[in-house]
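Step one of this worksheet: look at the structure below.
Each value in this text was obtained by applying a stated rule to the coordinates, not by laboratory testing. Here the structure is a predicted model, which is why all the values come from computation and not from measurement. Note: ideal-geometry Cβ built from the backbone for every residue, glycine included; neighbour counts use all protein chains shown.
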Amino acid sequence: VPGLNAVANAAGKLYFGTATDNPELNDTAYTTILDNNRQFGQITPANSMKWDATEPNPGNFTFEGGDVIRDLARRNGQILRGHNCVWYSQLPDWVAFGNFTFDELIGIVENHCGTLVGHYRGQMYAWDVINEAFNDDGTFRQDVFFNVTGTAYIPAALRAARQADPHAKLYINDYNTEGTGNKSTALQNLIKELKRDGVPIDGVGFQCHFEVGGVPTTLVENFRAYEALGVEFAVTELDVRMTLPETDALLEQQKKDYQSVIDACMAVPACVGVTIWDFTDKYSWVPGAFPGWGAADPWDENLVKKPAYDGIVIGFEDR
Ligand code: G3I
């Protein structure tokens with residue numbers, strides 16, 4: 001097999017990609033795989049373009065970490081997804097606890113998104129402009145942005161991003177929106193409203209942080225509903241975690257789960273590509289966030305391919 005991106009391209013998808021993070025780039029066994037654009041045609045920075053990394057103090061922008069990822073993708077001929085402009089997490093205290101007025105916070109959001117997206121103008125395939133705006137029940141998350149501006153920060157961020165880079169696709173990215181349900185319905189309603197109001201919105205990111213055996217059965221039905229709204233979409237942060245220790249049975253189910261997600265992307269033409277949230281268990285975010293869980297990625301901690309790798313290939317090839 002020539003590589004996951006090669007297989008995805010042959011199947012008509014724009015890319016198969018991975019997240020990566022700056023500290024991992026010293027690991028040459030890791031970067032040898034990362035740098036192979038037949039394996040990964042797209043890169044997402046896992047942390048270094050977030051608000052705390054790019055504007056730690058008001059108006060004080062630092063792009064060093066993000067630029068390192070940008071440069072490596074450029075060198076490798078890999079396209080980039082920017083992640084992200086507005087998110088309640090990894091937000092510097094000056095934003096989270098700033099006690100701003102409506103006008104002040106809208107101005108801060110516009111300046112952050114405009115400056116960040118403008119810095120990478122012409123270099124990004126897409127941006128996750130809005131990340132995780134909803135609660136799981138479909139109400140808006142009561143974060144600082146919503147508490148101060150209601151939903152006004154969303155069109156403000158999207159318009160600022162469009163103005164800063166007219167060529168980047170502007171996405172809203174979230175989790176637990178992959179299957180049908182209240183949260184997905186709420187996201188669809190937001191997209192309809194934005195389109196009605198003439199706000200730029202091009203795409204939807206489905207994070208797809210799943211548990212083994214827990215891939216929603218309504219993926220395709222749900223994805224088609226977004227296609228019908230006239231937006232493209234992507235799988236943006238795929239991984240499939242399991243309880244540790246890993247067993248052959250869990251690894252086999254995980255292979256099927258990866259394949260199901262690729263199958264769903266293949267079933268709906270508006271799905272442009274798939275990104276895994278790093279490719280090796282060595283650098284997965286999962287064990288840190290879910291003690292007792294892990295082994296979520298297609299390469300193990302020794303950078304050896306797992307059955308999940310074949311599940312991805314089968315998903316793209318077997319039709
Ligand atoms: O930067 C500090 C470092 O100074 C300190 O020494 C170290 C000690 O723990 O922590 C470092 O910060 C960590 C940061 O990643 C950078 O490595 C945080 O503790 C850690 O919580 C943070 O985790 C990131 C997480 O987002 C934060 O919510 C993960 O790497 C990143 O993969 C993850 O990505 C998110 C997406 O952005 C959105 N969707 C969910 C996804 C998984 O949580």
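On average over all directions, what projected area in square nanometres does region 5-70 have, based on the convex hull of its Cα atoms? Mean orientational projected area (region 5-70, Cα hull): 4.9 nm².
Taking only the Cα atoms of region 115-189, the ratio Rg/Rh comes out at 1.01, with Rh defined as the Kirkwood radius. In order along region 20-30, the phi-based Karplus estimate (6.51 cos²θ - 1.76 cosθ + 1.60, θ = phi - 60°) of 3J(HN,Hα) comes to 9, 9, 4, x, 6, 6, 7, 8, 6, 5, 5 Hz; Gly and Pro are listed as x. Each of Tyr88, Tyr153 was scored by other Cβ atoms within 10 Å of its Cβ. Arranged with the fewest first, they read Tyr88, Tyr153. Sequence-distant contacts, meaning Cα pairs under 8 Å at least 6 residues apart, place the relative contact order of region 4-317 at 16 percent. Here the Gaussian network model covers the chain, with springs between Cα atoms less than 10 Å apart; of Asn36, Asn84, Asn131, Asn36 fluctuates the most. In the chain, the DSSP-assigned H stretches of four residues or longer account for a calculated mean residue ellipticity at 222 nm of -12000 deg cm²/dmol, using -39500 (n - 2.57) per stretch and the full residue count as denominator.
For Lys192, a cut-off of 20 angstrom between C-alpha atoms picks up these lysines, skipping any fewer than 8 places away in its own chain: Lys169, Lys183. Helix 64-76 and the longest principal axis of the Cα set of the chain meet at an angle near 50°.
A compact globular protein would have a Cα radius of gyration near 2.2 N^0.38 Å; the ratio found for the chain is 0.95.
Counting only DSSP beta bridges with both residues in region 179-319, the antiparallel share comes to about 20 percent. Backbone amide hydrogens, once placed in the peptide plane, bring Thr275 within less than 5 Å of Gly17, Val235, Thr236, Glu237, Leu238, excluding anything fewer than 5 places away on its chain. Net charge dipole, region 4-317: roughly 900 debye, given to the nearest 20, about the Cα centre with Cβ charges of +1 for Lys and Arg and -1 for Asp and Glu.
Have a look at the DSSP beta bridges in region 4-317 and tell me what percent are antiparallel, nearest 5.
Bridges in region 4-317 that DSSP calls antiparallel: roughly 15 percent.
Going by neighbour counts of Cβ atoms within 10 Å, the residues Cys271, Cys265 line up, fewest first, as Cys271, Cys265. Relative to the longest principal axis of the Cα atoms of the chain, the long axis of helix 307-317 lies at roughly 80 degrees.
Size descriptors for region 18-118 (Cα atoms only): Rg and Dmax, in that order, 15.3, 49 Å.
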